[in-house]
1. Counting only residues that are open to solvent by 60 Å² or more (accessible area, probe 1.4 Å) and closer than 19 Å to Asp172 by Cβ, how many does the stretch 90-115 have?
2. List every residue pair whose Cβ atoms lie under 8 Å apart, where the two residues are 6 or more positions apart in sequence or sit on different chains, the first residue falls within the stretch 248-270 and is of a type in the set (S, T, N, Q), and the second residue, located anywhere, is assigned to a strand (DSSP E or B) and at pLDDT below 85.
3. Kindly indicate the residue of the stretch 65-89 that is open to solvent by less than 60 Å² (accessible area, probe 1.4 Å) and outside any helix (DSSP H, G or I) and also nearest to Thr115 (Cα to Cα) among those meeting that condition.
4. So Lys36 clears everything in (1) more than 30 Å from Ser166 (Cα to Cα); (2) at pLDDT 90 or above; (3) out of contact with any Leu (no Cβ under 9 Å at 6 or more places or on another chain) except one condition, right? Which one?
5. Take Glu328 and tell me if it is open to solvent by less than 70 Å² (accessible area, probe 1.4 Å), at pLDDT below 90 and closer than 19 Å to Thr204 by Cβ.
6. Looking at the structure I just gave you, is Ala62 out of contact with any Phe, Trp or Tyr (no Cβ under 7 Å at 6 or more places or on another chain), modelled with pLDDT of 85 or more, open to solvent by less than 80 Å² (accessible area, probe 1.4 Å) and closer than 20 Å to Arg175 by Cα?
7. Counting only residues that are part of a strand (DSSP E or B) and of a type in the set (Gly, Ala, Ser), how many does the stretch 255-295 have?
Amino acid sequence: MLSFDILVSRFVSGDLSTSCIFASTGSIMRYRLAKKRMTMLDWDDYRLVLNIARFGRVAEAAGHLNVTTSTVFRRLAAIEDKLNIPLFQRDNGHYVPTEEGAAIVAAAEKMEQETASVARNLFGESQTLSGSVKITTSEVLSSFFVARHVMTLGRDHPNLKVQVVSSDRMLDLSRHEADVAIRPKRLCSDALFGRKLATIRWATYVADKRHRDVKGQPDAYIGHAGDPRLAEHFGSIAFDPNAMAGPQFFSSSLILRAAMCAQGDHAAALPMILGEVWPGLRRTSDVLDTPVGDLWIVCHNDMRRNRRVRAIFDAMIDGARSDKELFEGP
């Protein structure tokens with residue numbers, strides 16, 4: 001016989017009908033208790049549990065929900081007290097859903113998907129250039145590509161509100177966390193529609209005032225301080241605290257790398273869209289032979305015919321065409 005909590009999970013997900021639950025448990029009281037447990041929560045409760053499960057830590061969930069850590073602790077304790085069951089196993093600050101917690105997470109995901117689908121359909125069918133549209137993109141692209149062209153779009157459509165989220169965290173288009181993504185990689189999913197905007201090429205830059213020859217001198221380059229697996233992707237050398245030779249300075253941010261390069265006596269490998277326009281830098285190499293990646297603009301399939309989204313696509317496609325030399329070199 002299936003356990004009570006597994007039955008609750010399968011009932012919430014729609015895998016079991018009411019009659020199946022009766023037959024499996026042999027008890028109307030258990031069904032009533034299952035229904036009571038799930039209906040004791042409101043959407044805010046489900047959303048809180050869902051985000052704790054996704055991020056695994058209370059602090060990260062609190063940041064995503066835009067509330068304090070103490071609020072998340074207090075609300076989770078109230079939910080568990082209301083249900084009289086623990087929803088998470090605590091392990092050194094890491095939260096893993098229990099069997100009961102996983103059932104609530106599954107229910108919350110189903111609600112979230114349905115809500116996002118309704119929002120996409122409503123938003124997707126709107127054909128006026130008023131309202132809002134949300135773009136997610138990276139630190140470099142938001143400052144040195146999107147900003148210039150989205151401001152032009154704003155002047156043409158004064159009733160359109162454009163929100164640009166500059167972050168390396170990938171927002172989920174399927175959950176309606178953003179309407180358009182502009183990223184230096186292709187997002188592969190049958191649910192998404194996208195266009196390639198440009199090939200991103202890199203070159204080596206130094207400060208205008210610099211006279212030191214850096215060819216063949218790895219120690220004269222600014223290194224990469226972030227994930228070492230990304231060092232080659234960012235055209236640099238990964239930070240190694242035990243290395244006896246190599247770069248003296250390291251940065252996890254491309255914008256910070258450009259700023260450090262402009263201030264000092266060290267060179268930096270930078271995407272041309274950044275290096276070509278940063279004040280005080282000059283290019284000292286030809287365009288690197290191997291492109292680091294392609295620039296893509298992507299939306300959910302449900303949104304591809306929405307006029308607001310289409311306007312963003314058109315503006316960015318035109319912008320990438322006019323910035324072709326900044327992305328790919330002369």
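The values are calculated or read from the model by the stated rules, or taken from the named source; none is laboratory data. In this text the structure is predicted, and so the values were computed from the model without any measurement. FYI the Cβ positions are ideal-geometry reconstructions off the backbone, even for glycines, and counts take in every protein chain you see. Remember, those area values only see protein heavy atoms, side chains included, never the ligands or the DNA or RNA. Shrake-Rupley method; radii C 1.70, N 1.55, O 1.52, S 1.80 Å.
1. Result for the stretch 90-115: 6.
2. What qualifies is Ser251/Gly223; Ser251/His224; Ser252/His224.
3. Step one: list which residues in the stretch 65-89 are open to solvent by less than 60 Å² (accessible area, probe 1.4 Å), which gives 65, 67, 69, 71-72, 76-80, 83, 85, 87-88.
Among the residues that remain, those that are also outside any helix (DSSP H, G or I) are: 67, 85, 87-88.
Values: Val67: 22, Ile85: 27, Leu87: 24, Phe88: 25 Å.
This residue is Val67.
4. (2)
5. On the way: open to solvent by less than 70 Å² (accessible area, probe 1.4 Å): yes; at pLDDT below 90: yes; closer than 19 Å to Thr204 by Cβ: yes.
It is true that Glu328 is open to solvent by less than 70 Å² (accessible area, probe 1.4 Å), at pLDDT below 90 and closer than 19 Å to Thr204 by Cβ.
6. Working: out of contact with any Phe, Trp or Tyr (no Cβ under 7 Å at 6 or more places or on another chain): yes; modelled with pLDDT of 85 or more: yes; open to solvent by less than 80 Å² (accessible area, probe 1.4 Å): yes; closer than 20 Å to Arg175 by Cα: yes.
Spelling it out, Ala62 is indeed out of contact with any Phe, Trp or Tyr (no Cβ under 7 Å at 6 or more places or on another chain), modelled with pLDDT of 85 or more, open to solvent by less than 80 Å² (accessible area, probe 1.4 Å) and closer than 20 Å to Arg175 by Cα.
7. Applying the first criterion (part of a strand (DSSP E or B)) to the stretch 255-295 yields 267-271, 281-283, 293-295.
Now restrict to residues that are of a type in the set (Gly, Ala, Ser): 267-269, 293.
Residues in the stretch 255-295 being part of a strand (DSSP E or B) and of a type in the set (Gly, Ala, Ser): 4 in total.
Yes/no per residue for (1) acidic (Asp, Glu); (2) open to solvent by less than 40 Å² (accessible area, probe 1.4 Å); (3) free of Cβ contacts under 8 Å to residues at least 60 places away in the same chain; (4) not in a strand (DSSP E or B):
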| position | (1), (2), (3), (4) |
| --- | --- |
| Phe144 | no, yes, no, yes |
| Val150 | no, yes, no, yes |
| Gly154 | no, yes, yes, yes |
| Lys161 | no, no, yes, no |
| Ala178 | no, yes, yes, yes |
| Ile182 | no, yes, no, no |
| Gly194 | no, yes, no, no |
| Thr199 | no, yes, no, no |
